[in-house]
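Below is one structure, written out as structure tokens, with a few remarks after it.
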Amino acid sequence: MIRGDVERCLVVAPGSLVEQWQDELWQKFGLNFEILTKDMIEAAGAVTFQREPLLIARLDHLSRNEGLQAKLEATDWDSSS
């Protein structure tokens, strides 16, 4: 992010660790990641991924929801490749 390589980032973590990831990213790097919730998706749909550039998602939530996976694939995420 400092070099300008990343503007949008999605961290996928086991459900029991998403809060820990959020806390540590804030404490160690000052990065304010939002946790992707069902309410957030229902309220904004696919627009959620455009509105929130720094997200943490639960692995089990993503792996079981093909509609959500399609929305993620349609979003322009920064990539190291």
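Taken together, the values in this text are just the output of simple stated rules run on the coordinates, not laboratory data. All values derive from a computational prediction rather than experimental measurement. Because the Cβ atoms are built from the backbone with ideal geometry, glycine has one as well, and the counts that use them run over all protein chains shown.
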* Once you charge only the Cβ atoms, +1 for Lys and Arg and -1 for Asp and Glu, what is the size of the charge dipole of the chain about its Cα centre, to the nearest 20 debye? -> 20 debye
* Non-local amide H neighbours of Ile56 (under 5 Å, H modeled in plane, Pro and chain starts lacking H): which ones? -> Val11, Glu34, Ile35, Leu36
* Structure fact -> Residues meeting the amide H criterion for Leu31 (H placed from the backbone, H to H distance under 5 Å, 5 or more places apart or on another chain) are Trp26
* Asked: Which whole-Hz couplings ³J(HN,Hα) result when phi for each residue of segment 29-40 is put into the Karplus expression 6.51 cos²θ - 1.76 cosθ + 1.60, θ = phi - 60°, listed in order with x for Gly and Pro?
  -> 10, x, 9, 9, 7, 8, 8, 6, 10, 4, 4, 4
* **FRET E, pair Thr75, Gln27, Förster distance 30 Å, beta-carbon r, rounded to 0.05** => 0.65
* With r as the distance between the Cβ atoms of Ile35 and Asp5 and R0 = 30 Å, compute the FRET efficiency 1/(1 + (r/R0)^6) and round to 0.05. => 0.80
* **the chain, Cα convex hull volume normalised per residue, Å³** => 100 Å³
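Explain nothing, just the number: relative contact order of the chain, from Cα pairs under 8 Å at least 6 residues apart, as a whole percent.
Reported relative contact order: 41 percent.
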